[in-house]
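**Q** Submitted below is the structure of interest, expressed as structure tokens.
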Amino acid sequence: MPQPIKSVNDFVVKFANVNGSGSASANALFAKSVLRMGIPASSRNIFPSNIQGLPTWFEVRINDHDHLGRRGGVDMMVAMNPQTWEQDIAEIEPGGYLLYDATKPMPASRFRDDINVIGAPLTEICNRTYSDPRQRQLFKNIIYLGVLSALLDMDVPAIETLIGEQFRGKDSLIKPNLHALQLGRDWAIQALDCPLGLRLEPRDKVGDRIFVSGNDAAALGAVYGGATVCAWYPITPSSSLAEAFQAHCQRMRREPDSKKRRYAIIQAEDELASIGMVIGAAWNGARAFTATSGPGISLMQEFIGLAYFAEIPAVIFDIQRGSPSTGMPTRTQQADIISAAYASHGDTKHVLLFPQDPNESFTFAADALDLADRLQTPVFVMMDLDIGMNDWLVPPLKWDPARQYDRGKIMNFEDLDSGKEFGRYLDVDGDGIPYRTLPGTHPTRGAYFTRGTTKDRYARYTEEGPAYVDNMQRLLEKFETAKRIVPRPIRRDAIEQTRYGAIYFGSTAPAMEEALDLLEARGIHLDTLRVRAFPFHDDILDFITSHERIFLVEQNRDGQMRTLVTTELEVDPARLVPILHYDGTPITARFIVKAIADMLAVVTLAPLRKALP
Amino acid sequence: MTYIVKPRLHHPKLPTNALGYTHRDYEGSVSTLCAGCGHDSISAAIIQACFELSLPPHRIAKLSGIGCSSKTPTYFLGQSHGFNSVHGRMPSVLTGANLANRDLIYLGVSGDGDSASIGLGQFAHCIRRGVDMVYIVENNGVYGLTKGQFSATADKGSSAKRGAVNSDSPIDLVAMALQLGASYVARSFSGDKAQLVPLIKAAIQHKGAAFIDVVSPCVAFNNHPGSTKSFDYVRDHNEAVNQLDYMVERDAIVADYAPGTVETVMQHDGSMLRLRKLALDYDPHERISALTYLQQRQAAGEVVTGLLFVEADHGDMHGYLDTVDSPLNTLGEAELCPGPDLLERYNAAHR
Ligand SMILES: Cc1ncc(C[n+]2csc(CCOP(=O)(O)OP(=O)(O)O)c2C)c(N)n1
Ligand code: SF4
Ligand SMILES: [Mg+2]
């Protein structure tokens, strides 16, 4: 039997439950209680595409040093689902802990002898206390929370306060929940030597940070950024973004007196219609967006091309998942990079933003609305299930009260009336971005006909080759302008000079940051660059050319970002070593460390061995 | 092929409307459709209707899908913004445009392929949403632009120019529009300007989803004897239920119609529709009987034309959504951005 794991404020607790058993709120309560103790934590739902009955997991990462990505491995497993017992037991680290419902005796063969087994008679306690089967089920979850509170030495008043907040308005539920919590605690204190090797000690490390999901934050960013039209079609994991927009608008976007809505939300008949409505609204001068996932992006292709060629702003949130509909709809991936970057027919390419967490999702949502208006083109906010649907601990959201919306180049009545020349596709300022007019502006000036590419600079119909080429060249010019105004990549240099670099983006960020510390402890130093947008800023090419080898870390099978980087920057693919994680679960720090260390061992055998401890 | 611009010289004696505009101010560039194409007659009717209503052209937005029919917005209302979108998807673009600015007049122009084949879904959903618009289908029973394949309104048993025989049942968009809740439903014929112009005028004044199916023969691919979308067939089998006289309230003159044959309908904006009844048993306020009548006449081989259904106070999408009175595209930071205080409250609630 290995030593039981001992750790204060640095471990992983995983809950294995049955979907629909009411465990979600108890598990969330656990994560929030840790935060209320001032200890940084993050949580991840791993759930099936189903409403009731299938396995679901909730993983909580607790870490004093703010390593809040997935680490890999589990120190404490709360195994409440007999269906997944084997796999749950197997995931526990040697010396780790298993908490299970010991009401029914289990043969010794079903356990491991290198873990610490805690059998709590949860069902028995429930049956003794409650007669209603629904209550027995629900309170079992709170009882195991009570057991954990004793085992991990949690701050009980913090949990009690949270229970009070959760049931505010349904006050009659507070007392029974507190009672259930106490039942679990009492049993643990009586039966075991609490606390265990894993312990929580209050800290003051959470600060003013907030615990939110990316979808909620992005929806709020759309509200702050001035979106008035949202058209969408339900698809996991993006639906909660549109639903959150609805909820935020209901509270924040009513005309004070009349209570009428300063927004319009349409649940469209499909994704073709959603993007069509967004394009129609944006053509007519409203800020509009849609939220979807990979299959929706596939359906939107034709319209995205039209918006690109006709130069119409559109904001598309792509909450990426393990694609097709019968793929892994409830699992995470970064696998729409290519299909978004080059969405549609003909020569098209699009602006993509890659937020790293819910905080950046908020900022980028508002930025995307500005960029789409400025560039008159579709802008994708490339999130994923991990960012979108999980609560992350992030800095509070900030809004500069002096911020003005950038509505881009729109000629108004005065411009037109004063006789300023208007040609819808004229490059007046040399940045590739033309001026547009909105329908209804002026009785005799500024009207034009919107269509794809059969047009000249004055939007007159023509199928002439030179006019087509002229327009396509200007679109490239515009893409160059985009490069200068999209969020720049962020570089972080290693403490020591190194020949190696790593590029990553999106939800990989926290796991990557932890991996860098772990690698550094092993004497492996990497400069890093976090890509935040496409088209690629020149910094990215500089970063690649100034390192001998670059590890490109991403969450898909085909190295899609690597393909995009090689194609667009015309770099030798051999310089970019793919580090790929794509099983549908969020990437872990341990995975990155192992993959990079293994690769380095292969590519630079001799010198590296010396470097390793 | 290059855009043909019409000379903008006005004859000093051209008649003007209440806004001082002449008929020419409502025209577009010269049509490039086949000579004799029914679609051109519809464009002419749209021009006439807008002129007679004295609409400021720039307050109209014209949107279309793809097809010969969908090209026509270039040939009328040159002072209006237009949008040639993608095949079958005009309804969603129009819906979005309408969401952004409820103050403009939206004219959706489509074909039978555009609306009944590839775009049937969007057609249905924008009607059931009650988008305030005039939705015109220029119905020739074929795909004109791609040279004569069947559309979903083609007659069962009809044969295409290249010999294929259509074995599928036709879709009647009028029946669908009735069923889907359109609050103004009409059918007409491109060759019957006297009937078509008042129908378009009334549809424009109508608040809500107004649908007009206009049978519009394709001289290149579908004007042979036996086609229910040919000139001859419609002339011979036209069963007009009523004839519409449309008048704006300010010049409502009491016309001297024989009692019992004229029916006046007050539109949302106070303007009047006068229906001269041809079929005495026809009541345009009954959705269900409209459907029945339509199908009875169809079974008898007749094409029912006229105003089939109207419900003046049906309301529209903005009403259902309860959006503010000012167009959403006119709202700025002051109305849209909740500001730092609310954000701080949001932060606090997530700690
Ligand atoms: C996605 C897509 N598929 C096919 C086409 C080719 N296409 C262009 S017009 C058309 C049919 C148009 O028929 P209809 O709407 O009846 O218009 P008409 O030309 O008869 O007026 C087709 C199939 C297209 N433009 N887009
Ligand atoms: S092909 Fe038919 S529909 Fe097209 S322009 Fe010619 S006549 Fe009109
Ligand atoms: Mg047709």
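Every number in this text was worked out from the coordinates using simple rules, so none of it is lab data. Note that the coordinates shown come from a computational prediction; the quantities given were computed from them, not determined experimentally. Cβ sites come from the backbone with ideal geometry, for glycine too, and all protein chains shown count toward neighbours.
**Q** Which residues in the range A:462-494 place their backbone N less than 16 Å from a point set 7 Å from the Cα of A:Asp429 along the Cα-to-Cβ direction?
**A** It comes to A:475, A:477-486, nothing else.
**Q** Taking each residue in A:392-405, count the Cβ atoms of any other chain within 10 Å of its Cβ, then average. What number comes out?
**A** Working: counts 0, 2, 1, 1, 7, 6, 4, 8, 1, 6, 1, 3, 3, 4.
Partner-chain Cβ atoms within 10 Å, mean over residues of A:392-405: 3.
**Q** Tell me the mean residue ellipticity at 222 nm calculated for chain A from its helices only (DSSP H runs of n ≥ 4, each -39500 (n - 2.57), averaged over every residue, nearest 500).
**A** Values: 20 runs with 239 residues, N = 613.
Helix-only estimate at 222 nm: -12000 deg cm²/dmol.
**Q** Output the relative contact order of chain B, whole-number percent, from Cα pairs under 8 angstrom with separation of 6+ residues.
**A** 15
**Q** Let me ask something else about it. List the residues whose amide H sits under 5 Å from the amide H of A:Gly96, counting only those 5 or more places along or on another chain, with H placed 1.01 Å from N in the peptide plane.
**A** A:Ile5, A:Asn116
**Q** Using r as the Cβ-Cβ distance of B:Ala35 and A:Glu480, and R0 as 56 Å, what FRET efficiency do you calculate, to the nearest 0.05?
**A** 0.75
**Q** Oh, and also: Kirkwood hydrodynamic radius for the range B:23-321: how many Å is it when counted over pairs of different Cα atoms?
**A** Values: mean 1/r = 0.0530 Å⁻¹.
Value: 18.9 Å, from the Cα pair sum.
**Q** Can you give the mean number of other chain Cβ atoms that lie within 10 Å of the Cβ atoms in peptide B:54-65? Display every interim value, and only then the final one.
**A** On the way: counts 0, 0, 3, 3, 10, 3, 3, 7, 2, 4, 1, 0.
The per-residue average across the peptide is 3.
**Q** From the convex hull of the Cα coordinates of the protein assembly as shown, what is the mean projected area in square nanometres? Don't jump to the answer; show the numbers that get you there.
**A** Values: hull surface 186.9 nm².
Averaged projected area of the protein assembly as shown's Cα convex hull equals 46.7 nm².
**Q** In the range A:7-199, if every C-alpha pair distance is counted and binned at 5 Å from zero, what percent goes to each bin?
**A** Taking every Cα pair in the range A:7-199, the percentages come to 1, 8, 17, 21, 23, 18, 9, 3, 1, 0.
**Q** Select from B:Tyr320, B:Tyr26, B:Tyr75 the residue whose mean-square fluctuation is largest in a Gaussian network model of chain B (Cα-Cα springs shorter than 10 Å).
**A** Of B:Tyr320, B:Tyr26, B:Tyr75, the Gaussian network model singles out B:Tyr320 as fluctuating most.
**Q** Continuing with the same structure: Compare B:His39, B:His206, B:His318 in a GNM of chain B, Cα atoms joined below 10 Å, and give the one with the largest fluctuation.
**A** B:His318
**Q** How far apart, in nm, are two points set 7 Å out from the Cα along the Cα-to-Cβ line at A:Arg110 and at A:Arg492?
**A** The answer from the label model is 4.4 nm.
**Q** If you plug each phi of the range A:101-113 into the Karplus form 6.51 cos²θ - 1.76 cosθ + 1.60 with θ = phi - 60°, what whole-Hz ³J(HN,Hα) values come out, in order, with x for Gly and Pro?
**A** 8, 9, 4, 9, x, 10, x, 4, 5, 8, 10, 10, 8
**Q** Here's another thing I want to ask about it. Computed over the Cα atoms of the range A:413-475, what is the convex hull's projected area averaged over all directions, in nm²? Let's see the in-between values first.
**A** Values: hull surface 17.5 nm².
That works out to 4.4 nm², a quarter of the Cα hull's surface.
**Q** How large are Rg and Dmax for the range A:490-611 when only the alpha carbon atoms are used, in Å?
**A** 13.4, 39
**Q** Also, quick follow-up: Please list 3J(HN,Hα) in residue order for the range A:382-396, calculated via the Karplus relation 6.51 cos²θ - 1.76 cosθ + 1.60 where θ = phi - 60°; whole Hz, with x for glycine and proline.
**A** 8, 9, 8, 4, 4, 6, x, 9, 9, 7, 10, 8, 9, x, x
**Q** Expressed in nm to one decimal, what extension gain is obtained for the pair B:Ser326 and B:Thr16 from 0.36 nm per residue of sequence separation less their Cα-Cα distance?
**A** Numbers: separation 310, 0.36 × 310 = 111.60 nm, distance 3.13 nm.
Extra length from B:Ser326 to B:Thr16 when fully extended: 108.5 nm.
**Q** Further question on the same structure: With an 8 Å cut-off on Cα pairs and a minimum separation of 6 or more residues, tell me the relative contact order of the range A:14-157 in percent.
**A** Details: 226 pairs, mean separation 32.1, N = 144.
After rounding, I find 22 percent.
**Q** A further question follows. Let me know the mean shielding of A:303-310 by other chains, meaning the per-residue number of their Cβ atoms within 10 Å of its Cβ. Could you put the intermediate results ahead of the total?
**A** Numbers: counts 5, 0, 1, 6, 0, 0, 0, 4.
The per-residue average across the peptide is 2.
**Q** Here's another thing I want to ask about it. What percent does the relative contact order of chain A come to when contacts are Cα pairs within less than 8 Å and at least six residues apart?
**A** So the answer I get is 12 percent.
**Q** What are the ³J(HN,Hα) values, in whole Hz, obtained from phi via the Karplus relation 6.51 cos²θ - 1.76 cosθ + 1.60 with θ = phi - 60°, for each residue of the range A:174-184 in sequence order, with x given for Gly and Pro?
**A** For the range A:174-184, the Karplus-derived couplings read 5, 4, x, 5, 4, 5, 4, 4, 5, 4, x Hz, x marking Gly and Pro.
**Q** Tell me which residues come under 5 Å, amide H to amide H, from B:Glu239 once H is placed; ignore anything under 5 positions away on its chain.
**A** Under 5 Å from the amide H of B:Glu239: B:Val303, B:Val304, B:Thr305.
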